[in-house]
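Below is one structure, written out as structure tokens; comments come after it.
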Amino acid sequence: MTLSAYESTNQFIHRAMTALKLDDRYTTLLVTPSREIRVELAIELDNGTIGNFIGYRVQHDESRGPFKGGLRYHPEVEIDEVRSLASLMTWKTAVADVPFGGAKGGIQVDPSTLSRTELERLTRRFVDQLGTTIGPNEDIPAPDMNTNAQVMAWIFDQYSKRHGFSPAVVTGKPLSLHGSLGREAATGRGCYFAIREALKSDGRTVDQAKFAIQGFGNVGSWFAKFVAEAGGKVVAVSDAYGGIQNSAGLDIPGLLAHHRATGKVIGFAGSQPISNEELLTSECDVLVPAALGHVIHEKNAGLVRAKYVLEAANGPVTFEADEILNQRNVVCLPDIWVNGGGVTVSYFEWVQNTQNFKWTEEQVNAQLEKHVVDGYRAIRDMQADLKCSVRTAAFAVGVSRVKAATDARGLG
């Protein structure tokens with residue numbers, strides 16, 4: 001039986017806890033979400049009818065700092081997925097060693113069916129329904145799937161109307177509204193630093209590797225840009241409409257221009273078509289799932305030909321698939337380290353907002369690199385101690401840091 005997203009995440013946690021030899025009493029303490037919020041969002045649509053939508057916010061753990069996590073708008077948002085993503089944020093912030101906990105939120109909506117004004121009404125309604133459960137020192141949302149800087153600006157404005165000027169209530173805001181330089185590229189840049197460090201530890205370099213990237217949104221496109229600039233070959237790319245490949249390497253600057261003009265990667269000159277499913281089993285050194293969760297599962301994990309799987313998306317590999325990849329000696333670099341660049345620079349934005357002081361882009365990028373490199377060192381040290389996979393070591397780092405904070409604070 002295939003595990004759900006939340007069950008799969010919990011299996012990774014339990015495996016790390018077993019490796020750390022933690023007492024059973026920590027199982028419930030560290031796994032169970034602190035708070036789950038479900039709200040009905042009724043708004044008037046442009047045609048005068050009423051639209052009803054369901055919103056969620058799961059706040060998983062705050063032992064190391066305020067809850068932190070993205071907000072996604074998607075018709076398939078449901079509580080199990082949000083629980084899983086909120087838990088992953090707890091371990092991600094701990095591995096990145098930023099003083100946040102973990103949370104995630106979402107609204108069951110297809111944003112393409114709403115006008116800009118309807119989307120704004122829905123966002124502001126969600127902020128009102130969440131009330132004081134979010135805040136600069138309570139819970140700090142950020143962009144995620146189908147949300148962006150404009151949505152964050154509406155959240156900032158609506159919250160500030162009721163609580164006073166509060167730019168630190170959300171991150172990922174526009175630069176004109178106290179956003180941070182470097183935030184847009186942060187997740188893709190962090191993914192690049194991650195694979196660079198992993199290859200380096202194996203005596204390899206980026207310019208010796210071939211990459212296949214599933215997903216060419218914000219993360220995948222920035223990652224492709226950084227890889228190409230470092231001399232790496234991107235041999236396959238896909239998005240929701242389909243994919244393209246070229247075994248000699250795609251012209252990434254040209255592809256970026258084509259994607260900006262058409263909104264798709266298909267039809268790019270000098271490439272052959274490939275499906276999303278074929279991309280996952282294509283010949284490459286590094287497979288980069290940068291779109292949806294659970295795309296690598298027990299039915300296709302045995303067909304993956306890459307030597308490394310770089311989890312640029314959240315939860316792209318199921319627990320069952322991870323077992324198969326481990327047995328085949330495929331190095332799976334986990335999302336809770338790899339794609340932590342976004343939350344790391346979100347922390348930098350929050351720091352700038354709370355201090356009313358702006359960093360340069362060079363400062364942001366240098367500090368991001370340091371956090372990614374330091375995170376990998378901690379994971380490698382843990383891996384050497386526990387004699388385990390990279391994923392188990394990463395979760396063990398996160399769990400041990402959250403446990404230490406929980407123990408220090410106590411239960412009183």
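Using heavy atoms of the protein chains and a probe of 1.4 Å, the accessible area assigned to ASP202 is about 80 Å². Of all DSSP-defined beta bridges confined to the chain, some 50% are antiparallel rather than parallel.
Using the Cα gyration tensor of segment 251-405, with a ≥ b ≥ c the square roots of its eigenvalues, what is the shape: rounded (a/c below 1.5), prolate (a/b larger than b/c) or oblate (neither)? Since a/c reaches 1.5 but b/c is at least a/b, the shape of segment 251-405 is classed as oblate. Remark: spin-label model distance ARG116-GLN272 equals 4.3 nm, labels positioned 7 Å along the Cα→Cβ axis. With a cut-off of 12 Å between beta carbons, the residues surrounding VAL227 carry a summed charge of +2, where Lys and Arg count +1 and Asp and Glu -1. Within the accessible area of segment 260-412, the carbon and sulfur atoms contribute 51%, probe 1.4 Å, all protein chains present. Summed over the residues of the chain and divided among them, the accessible surface reaches 41 Å² per residue at a probe radius of 1.4 Å. Computed in the context of the full set of protein chains, the accessible area of segment 1-107 at 1.4 Å probe radius has 48% of its extent on carbon or sulfur. Kirkwood-type hydrodynamic radius, the chain: 21.5 Å, calculated from all non-identical alpha-carbon pairs. With a cut-off of 12 Å between beta carbons, the residues surrounding ARG189 carry a summed charge of -1, where Lys and Arg count +1 and Asp and Glu -1. Summary of packing: across the peptides 13-25, 43-55, the per-residue average of other C-beta atoms within 10 Å ranks them, highest first, as 13-25, 43-55.
Cβ neighbours within 10 Å, averaged per peptide: list 256-264, 69-77 in order, most packed at the top.
69-77, 256-264
With a cut-off of 14 Å between beta carbons, the residues surrounding MET382 carry a summed charge of +4, where Lys and Arg count +1 and Asp and Glu -1.
When the charge dipole of the chain is built from unit charges on Cβ atoms (+1 for Lys and Arg, -1 for Asp and Glu) and taken about the Cα centre, the candidate among SER8, GLY203, GLY270 whose Cα reaches farthest toward its positive end is GLY203. Packing, taken as the mean count of other beta carbons within 10 Å per residue, orders the peptides 186-199, 83-96, 362-375, 222-235 from highest to lowest as 83-96, 186-199, 222-235, 362-375.
The values are calculated or read from the model by the stated rules, or taken from the named source; none is laboratory data. Note that the structure is a prediction, hence the values are computed from the model and not measured. Don't worry about glycine lacking a Cβ; one is built from the backbone with ideal geometry, like all the others, and counts go over all protein chains shown. Heads up: the accessible areas ignore ligands, DNA and RNA and are worked out on the full protein's heavy atoms, side chains in. Shrake-Rupley method; radii C 1.70, N 1.55, O 1.52, S 1.80 Å.
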